[in-house]
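Chemist: Input: one structure, supplied below.
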Amino acid sequence: MSAEENPAAEPAPVIDVQGDGRWMSQECKDAEPDVLFVGDSMVQLMQQYEVWREVFSPLHALNFGIGGDTTCNVLWRLQNGELENIRPRVVVLWVGTNNHEHTADQVAGGILAIAQLVLSRLPRSKIIVLGLLPRGEFPNPLREKNAAVNNLLRASLPQLGPVQFIDVGGSFVHSDGAISSRDMFDFLHLTASAYRTISTTLHELLLQMLEEMPQERRASLV
Amino acid sequence: MKTWLCCCGAHWTSSGVMSEDANPAATPSPCQDIQGDGRWMSLHNRFVSDSKGKEPDVLFVGDSLVQLLHEFEVWRKLFSPLHALNFGVGGDATQHVLWRLVNGELDHISPKVVVLWVGTNNHGHTPEQICGGIMAIINVIHQKLPHAHTLVLGLLPRGKSPNPLRERNASVNALVQAEVASLSHVSFLDMDPGFILSDGSIAHQDMYDYLHLTPQAYQKVCQPLHERIKSLLDKHAP
């Protein structure tokens with residue numbers, strides 16, 4: 001699905017409806033990350049918990065998550081500067097749950113478009129795409145939609161090459177179909193303990209990928 | 001129905017609830033489930049059922065600045081020991097908090113102190129309307145919990161650089177502070193330890209998205225808040 005056909009793959013900055021320009025302000029911070037996390041609030045909030053400092057900072061990770069972002073917003077950001085000057089070896093992508101105007105097909109297409117963009121700008125990098133989590137206290141249409149996106153990604157991402165898909169949402173829905181506020185304090189965003197749960201799998205995969213890749217020589221060190 | 005006009009431009013009825021046509025920020029309104037997963041109502045229902053059988057001394061109510069506080073270490077260290085409950089919902093504006101309090105969240109508990117932090121999400125409302133919304137909430141709390149003291153927290157500045165929302169929030173604070181000065185069951189606490197730097201910017205180390213507080217920033221603002229709550233609890237002792 002090309003960008004002309006898929007609105008979820010159409011790069012778009014966030015329009016400042018509130019009036020304080022916060023989206024545009026969130027910019028590039030650190031120097032030479034090995035791992036780049038990019039996405040929505042699921043990514044952004046992770047950095048505020050201890051788990052980031054303990055598990056991901058040691059991997060020289062940079063966090064480009066912005067709450068509320070859709071695939072369009074992430075695409076725009078990556079096309080408009082956020083990939084300049086950095087060469088992460090692994091990019092972790094977690095976005096799609098905020099694409100309320102789009103179908104599951106369109107959302108999956110948007111995520112694919114982002115992965116393709118990353119690979120074209122960073123040809124030697126690998127990508128980890130995190131599956132969309134279930135949301136809402138009880139079964140609801142958004143859970144079905146997110147699951148459908150995940151199924152599409154599972155099928156299509158491997159064809160892009162060095163892209164791995166992982167679904168970390170398995171443990172959150174209990175046998176009665178409910179999600180606990182101990183895992184998602186507002187039935188969307190993760191608590192500290194839930195982030196710890198998903199971080200184990202993610203961390204292992206990151207270590208594995210980083211080990212498989214020869215470290216690039218930094219030109220500045222020569 | 002007879003209504004009274006308050007200096008904030010808010011209209012009051014004899015039941016204490018704002019009349020509908022006057023101020024949207026003071027008209028109890030549930031959040032519409034636009035996204036489709038019913039989370040707002042889930043949270044409200046959980047708060048109502050959570051409140052049965054619990055005996056909090058302190059109730060925190062408001063928007064994401066309240067809600068997120070619960071997720072960081074500072075809550076466990078400073079506020080759990082005070083037997084506090086947290087009824088914060090991200091995105092809530094004054095009319096949403098008002099609806100929640102009118103519809104059950106205060107019905108099964110008698111906290112001694114209610115900490116209210118809301119107003120920054122009232123987009124499209126004037127400072128006078130937002131103040132009216134906050135006063136409406138204070139009024140409902142006083143009706144339902146006549147012995148409780150309400151501590152209203154000042155709205156924080158937001159955005160990386162100077163912008164109209166900072167001015168709006170500062171105006172709300174000035175209006176609210178003036179309104180509550182004459183009320184013995186309410187007090188106001190300015191929560192800004194000086195987030196705006198000399199160049200007018202706010203640091204992302206304090207607000208990671210120039211709106212929400214980092215854990216370090218919460219530590220900074222919660223110390224004085226903790227002290228104030230403790231002194232209110234001490235005064236409240238029978």
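Coordinate-derived values only; no laboratory data. Bear in mind that the values here come from a model prediction, so they are computed numbers and not experimental data. For neighbour counting, all protein chains shown are included, and Cβ atoms are generated from backbone atoms with ideal geometry for every residue, glycine included.
Chemist: Could you check what % of the DSSP bridge pairs in the protein assembly as shown are antiparallel, to the nearest 5?
Modeler: So the antiparallel bridges amount to about 20 percent of the total.
Chemist: For the protein assembly as shown, what is the charge dipole size about the Cα centre, in debye to the nearest 20, if Lys and Arg each add +1 at the Cβ and Asp and Glu each add -1 at the Cβ?
Modeler: For this selection, approximately 680 debye.
Chemist: Starting from the Cα gyration tensor of region B:117-238, take the square roots of the eigenvalues, sort them a ≥ b ≥ c, and report rounded, prolate or oblate (rounded when a/c is under 1.5, otherwise prolate if a/b is larger than b/c, else oblate).
Modeler: Verdict is oblate for region B:117-238.
Chemist: What longest region of chain B stays clear of trypsin sites (Lys or Arg not before Pro) that DSSP places outside H, G, I, E and B and that have at most 14 other Cβ atoms within 10 Å?
Modeler: B:55-238
Chemist: With Rg and the Kirkwood Rh both taken from Cα atoms, where does Rg over Rh land for the protein assembly as shown?
Modeler: 0.99
Chemist: Once each part is reduced to its C-alpha centroid, what is the distance from region A:149-168 to region A:30-92 in angstrom?
Modeler: 19
Chemist: Under 18 Å between alpha carbons, and skipping anything fewer than 8 positions from B:LYS235 in its own chain: which lysines qualify?
Modeler: Partners found: B:LYS112.
Chemist: For A:LYS145, list the lysines whose Cα falls under 28 Å from its own Cα; do not include residues on the same chain fewer than 8 positions away.
Modeler: Hits, sequence-local ones excluded: A:LYS126.
Chemist: Then there is this: How many percent of Cα pairs in region B:80-159 exceed 19 Å?
Modeler: Value for region B:80-159 (Cα pairs over 19 Å): 34 percent.
Chemist: Need the C-alpha centroid separation for region B:111-183 versus region B:219-238, integer Å.
Modeler: Cα centres, region B:111-183 to region B:219-238: 18 Å.
Chemist: Can you tell me the alpha carbon radius of gyration of region B:139-205 divided by the globular rule-of-thumb value 2.2 N^0.38 Å?
Modeler: Compactness ratio reported: 1.36.
Chemist: Would you tell me the mean number of C-beta atoms belonging to other protein chains that fall within 10 Å of each C-beta in B:132-138, as a whole number?
Modeler: That works out to 0 on average.
Chemist: Please list, by residue number, everything in region A:129-155 whose backbone N is under 14 Å from a paramagnetic label point 7 Å out along Cα→Cβ of A:ASP176.
Modeler: Output list for this probe position: A:137-139.
Chemist: From the Cα gyration tensor of chain A, with a ≥ b ≥ c the square roots of its eigenvalues, which class applies: rounded if a/c is under 1.5, or else prolate if a/b is larger than b/c, or else oblate?
Modeler: It comes out rounded by the Cα gyration axes.
Chemist: Could you derive backbone 3J(HN,Hα) for region A:91-97 from the dihedral phi with the Karplus parameters 6.51, -1.76 and 1.60 (θ = phi - 60°), listing whole Hz in sequence and x where the residue is Gly or Pro?
Modeler: Calculated HN-Hα couplings, in order: 10, 9, 10, 9, 7, x, 6 Hz.
Chemist: Decide, for chain B, between rounded, prolate and oblate: order the square roots of the alpha carbon gyration tensor eigenvalues as a ≥ b ≥ c, take rounded if a/c falls under 1.5, and otherwise choose prolate if a/b is larger than b/c, else oblate.
Modeler: Judged from the Cα gyration tensor, chain B comes out rounded (a/c under 1.5).
Chemist: Of B:ILE138, A:ASN146, B:SER80, which is farthest towards the positive pole of the protein assembly as shown's charge dipole, taken about the Cα centre with +1 and -1 on the beta-carbons of Lys, Arg and Asp, Glu respectively?
Modeler: Final value for the positive-end residue is B:SER80.
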